[in-house]
1. Distances longer than 20 Å among the Cα atoms of the range 103-170: what percent of all pairs is that?
2. Running Debye on the range 78-118 with equal point scatterers at the Cα sites and no solvent, what base-10 log of I(q)/I(0) appears at q = 0.32 Å⁻¹?
3. I need the phi-derived Karplus couplings for the range 91-101: 6.51 cos²θ - 1.76 cosθ + 1.60, θ = phi - 60°, integer Hz, Gly and Pro marked x.
4. Using the Karplus curve 6.51 cos²θ - 1.76 cosθ + 1.60 with θ = phi - 60°, work out ³J(HN,Hα) for each residue of the range 116-126 in order, rounded to whole Hz, and write x for Gly and Pro.
5. Ignoring ligands, DNA and RNA, please state the percent of accessible area on the range 122-170 from carbon and sulfur, probe 1.4 Å.
6. If I take every Cα pair under 8 Å that is 6 or more residues apart in the range 72-170, average their sequence separation and divide by the length, what percent do I get for the relative contact order?
7. Order the peptides 27-33, 116-122, 63-69, 4-10 from the highest to the lowest mean number of other Cβ atoms within 10 Å of their residues.
8. Using amide H atoms built in the peptide plane, which far-off residues or other-chain residues are under 5 Å from Val130 H to H?
Amino acid sequence: MNVQKCDYPWTHWVIDEFLEPSDYSALLKWFDTQPERTYDERQELVADPFTIVYPKDIETPLHDSFVEVLTHGGFVNYGTITYQLFKMTPDELDEATHCDSPAKIASLVLYVGEENIGTFMHESNDTNPVKQIEWVENRAMLFFPEQGVTWHSYHNKGTKTPRCTALLNF
């Protein structure tokens, strides 16, 4: 795991090789078995993230790597971790600029599979992106949500492959 702290435009960490190669391969295989979902179907999953039960060979490495990387942010006490794995329909998703819910203490997105479009970072709700986290397989981006500060967005417009991500929050 290679962790790099970044301070612009707000504090976040970029983690390459987030999962061990064998664990990442298991996650890729799991995604291969899943149907693509539209934006509307994704909204339903966000409302109830416990509708999918993940195999332990996927969940355990995600949990362990998430807890390990949290120590880089100086966070040592954590609560319930939620897992959301999404395989979004190509050329369909366009998520507006937003800050994560104040209920989230930490947010991590892991990019899985073929090249797609990473996360855009903004200085405010009504600005163009000032930075993009490049999509690299097995790369994660971690941040601690702060209302009015951690503005971000993402999309997969113009892509030919599904946008596969693992979202971990607590």
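The values are calculated or read from the model by the stated rules, or taken from the named source; none is laboratory data. Treat the numbers as computed from the prediction; the structure is a model and nothing was measured. Here the Cβ positions follow ideal geometry from the backbone for every residue, glycine too, while neighbour counts run over all protein chains shown. Note: accessible area is taken over every heavy atom of the protein model, side chains too, but ligands, DNA and RNA are not part of it. Shrake-Rupley method; radii C 1.70, N 1.55, O 1.52, S 1.80 Å.
1. 29 percent
2. Taken in order of the listed q values, log10 I(q)/I(0) reads -1.37.
3. Each residue of the range 91-101 in turn: 6, 9, 8, 8, 8, 5, 4, 7, 10, 5, 4 Hz.
4. These are the phi-based 3J(HN,Hα) values: 8, 10, x, 9, 9, 10, 10, 8, 7, 5, 10 Hz.
5. 46 percent
6. 47 percent
7. Working: 27-33: 15.0, 116-122: 20.1, 63-69: 17.3, 4-10: 13.0.
Descending mean neighbour count gives 116-122, 63-69, 27-33, 4-10.
8. Met121, His122, Glu123
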